[in-house]
Amino acid sequence: MSRRLPLSSKLGFGVGQVGEGITGVIFGTFTLFFYNQVLGVSASLSAVALAVAMVFDAVSDPLAGSISDRLAHKWGRRLPMMAGSALPLAVSVIALFNPPSDMPEVFYFGWLMVFAVLARLFLTLYHVPHLALGAEMAHDYTDRTRVFSYSQAFSTLATAGFPFLMYSFIFPTPEDGTHGLLNAAGYPQMSGIAAAAIVVTIALCVWSTKKEVPYLPTWQPEHERLGVGRLWREVRQALSSKSYRMLLFGMIIILLVLGVEATFIVYLYVHFWELPTEWMRWLGPTMLMGLPISVIMIPHLTKLFDKQKLLIGMGLVVQINMNILLILRLFTDVLPENGDPLLFVLFLCSSFLSGLMSPAMLVNFNSMFADVADELEFKAGVRQEGIIYSARSFCSKTAGGLATILGGVALDLIGFPRGAEVGSIDPEMIYHLGLIAGPPVMAIGIASMSFFLFYELSRERMTEIGEVLTQRRGMADVEGETSAGA
């Protein structure tokens with residue numbers, strides 16, 4: 001029978017997601033808006049700089065995964081890289097929002113690109129081993145879902161709680177009535193708070209999971225010099241799984257859609273919906289209200305339904321929920337006017353449903369990737385969690401980079417002004433902003449669910465694979481003891 005993880009290890013693994021979640025908020029919510037609307041850098045240039053950073057980041061993913069898979073250290077294969085990434089990541093985030101003042105646009109473009117590349121690189125050195133650690137720590141079909149439930153819970157806590165704190169204490173609406181996010185002085189403070197949280201939570205994760213090292217599965221491959229040939233062979237071996245390919249293809253399209261929406265979301269809140277920061281700050285906490293239900297719900301749902309069916313069902317709900325208010329505003333007159341408290345209530349309801357469904361969907365996603373690791377060990381006798389999650393990360397970041405470029409270029413194509421006050425933009429331009437941010441991305445996101453119909457690792461199949469792997473590992477332990485006795 002597989003060992004059940006102690007609660008302290010699950011909590012420790014989950015806490016490690018806080019720093020990553022905050023970094024995601026930094027890039028997804030604040031960075032483009034800061035450089036475009038506060039510093040006055042072209043949206044296209046800002047988007048290109050962020051996309052270049054994501055490409056560099058994506059290329060480094062398989063490298064980080066391969067090194068992590070083959071690392072031999074007393075702390076195991078994952079923890080050394082995780083620990084070493086914390087401080088450089090924090091410093092890069094601070095630098096990102098502290099550029100010299102009164103510099104030309106091209107300088108800010110270069111500054112953004114350099115420190116975005118560095119921040120993304122150090123995030124990769126943490127992100128890939130951390131995901132792989134979660135797949136290694138739990139061996140049971142359902143317990144894997146529990147492990148990633150804790151991770152997703154803390155991730156959602158960070159992605160909802162950090163903006164709430166920033167909107168409440170760093171970016172409140174000033175006395176002159178301008179929007180709080182146009183306050184340039186708040187961004188350095190925000191970066192310092194984020195950096196401190198990153199260092200503390202990564203350190204807690206490493207310390208809390210260190211005791212699991214003796215129980216982690218091991219793989220002792222023949223020594224081979226790191227190179228393009230080795231990386232390509234390991235990635236190709238992972239891609240031999242049809243289920244893995246279908247997960248990746250579907251995920252690429254979903255994250256492309258989410259990336260485009262993330263690029264527009266602050267612009268929509270500020271200019272399309274005209275939400276003050278005093279309203280915006282409550283969207284995150286409302287999302288958190290759905291989180292405990294989501295975390296409790298997903299392991300039980302995994303017992304009742306195959307992960308494939310859960311992913312498709314929850315994915316459809318998430319896609320519709322993210323866009324339904326925008327669609328209704330664009331094509332009907334049923335919604336209340338901007339500024340009406342009832343509209344705020346509708347946003348709170350949407351945020352609650354998002355907090356209920358999105359974490360559960362992402363937990364299920366990561367658990368399915370962990371099942372692929374067992375399938376590859378069953379077929380090829382290798383443990384490649386690092387490569388599996390690095391290729392996943394590579395695809396997601398490539399999609400994110402493309403989404404950032406598309407979003408930034410779209411803003412410039414419609415001539416969206418820089419540093420514009422709320423209510424000062426031509427209504428037709430505001431309508432066009434909603435039109436490109438809503439219907440097309442919703443349709444594409446719903447269509448992407450079709451890839452998951454071809455995922456083959458059902459509960460019954462994973463039970464068969466688990467029994468064979470347990471038998472193999474038991475035989476390997478006996479052979480090792482016999483060799484040692486001889």
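Assess whether residue 268 counts as being assigned to a helix (DSSP H, G or I) and of a type outside the set (D, E, K, R).
Here the answer is yes, as residue 268 does meet what is asked.
Regarding segment 109-121, can at least one residue be identified that is in a helix (DSSP H, G or I), within 15 Å of the chain's Cα centre (by Cα) and surrounded by fewer than 24 Cβ atoms within 10 Å (Cβ to Cβ)? Among the residues of segment 109-121, at least one is in a helix (DSSP H, G or I), within 15 Å of the chain's Cα centre (by Cα) and surrounded by fewer than 24 Cβ atoms within 10 Å (Cβ to Cβ), which makes the answer yes. Of all residues in segment 48-74, those satisfying the criterion of being farther than 22 Å from residue 255 by Cβ and out of contact with any helix residue (DSSP H, G or I) (no Cβ under 6 Å at 6 or more places or on another chain) are 67, 70, 71, 72, 74.
Of everything listed in (1) crowded, with 21+ Cβ neighbours inside 10 Å; (2) assigned to a helix (DSSP H, G or I); (3) aliphatic (A, V, I, L, M); (4) more than 19 Å from the chain's Cα centre (by Cα), the single unmet condition for residue 132 is (4). For segment 323-343, the condition holds for no residue, the condition being that it is in contact (Cβ under 8 Å) with a residue 40 or more places away in the chain and within 30 Å of residue 134 (Cα to Cα). Among the residues of segment 296-351, the one identified as touching a Ser or Thr at 6+ places or on another chain (Cβ under 7 Å) and not in a helix (DSSP H, G or I) is 306.
Scanning segment 94-108 for residues that are without any contact (Cβ under 8 Å) to a residue 40 or more places away in the chain and buried (at least 19 other Cβ atoms within 10 Å of the Cβ) yields nothing. Screening the candidates 430, 444 for the property of being buried (at least 19 other Cβ atoms within 10 Å of the Cβ), modelled with pLDDT of 85 or more, within 28 Å of residue 270 (Cβ to Cβ) and not hydroxyl-bearing (Ser, Thr, Tyr) yields one hit, 430.
Apart from one condition, residue 416 fits all of (1) more than 22 Å from residue 327 (Cα to Cα); (2) more than 20 Å from the chain's Cα centre (by Cα); (3) touching a residue at least 24 places away in the same chain (Cβ under 8 Å); the exception is (1).
Restricting 312, 327, 320 to those that are closer than 29 Å to residue 250 by Cβ, touching a Pro at 6+ places or on another chain (Cβ under 7 Å), modelled with pLDDT of 90 or more and surrounded by fewer than 22 Cβ atoms within 10 Å (Cβ to Cβ) reduces the list to 327. Looking for something in contact with a helix residue (DSSP H, G or I) (Cβ under 6 Å, 6 or more places away or on another chain), among the β-branched types (Val, Ile, Thr) and closer than 29 Å to residue 55 by Cβ - is there at least one such residue anywhere in segment 143-160? Yes, segment 143-160 contains a residue that is in contact with a helix residue (DSSP H, G or I) (Cβ under 6 Å, 6 or more places away or on another chain), among the β-branched types (Val, Ile, Thr) and closer than 29 Å to residue 55 by Cβ. For segment 375-401, the candidate set comprises residues that are crowded, with 21+ Cβ neighbours inside 10 Å and outside any helix (DSSP H, G or I); within that set, the residue that is modelled with the highest pLDDT is 384. The one condition from (1) at pLDDT 80 or above; (2) buried (at least 21 other Cβ atoms within 10 Å of the Cβ); (3) assigned to a loop (DSSP other than H, G, I, E, B) that residue 417 does not meet is (2). When restricted to residues that are within 19 Å of residue 262 (Cα to Cα) and of a type in the set (S, T, N, Q), segment 1-37 contains 5.
Would you point out the residue of segment 75-86, among those that are within 15 Å of residue 207 (Cβ to Cβ) and not small (Gly, Ala, Ser), that is nearest to the chain's Cα centre (by Cα)? That would be 82. Residues considered: 52, 41, 15. Of these, the only one that is closer than 27 Å to residue 193 by Cβ, crowded, with 21+ Cβ neighbours inside 10 Å, β-branched (Val, Ile, Thr) and under 21 Å from the mean Cα position of the chain (by Cα) is 15.
For residue 64, are the conditions met, namely being part of a helix (DSSP H, G or I) and buried (at least 24 other Cβ atoms within 10 Å of the Cβ)?
The answer is yes for residue 64.
The values are calculated or read from the model by the stated rules, or taken from the named source; none is laboratory data. Just so you know, these numbers come straight off a predicted model, no measurement behind them. No Cβ is skipped: glycine too gets one built from the backbone with ideal geometry, and neighbour counts run over all protein chains shown.
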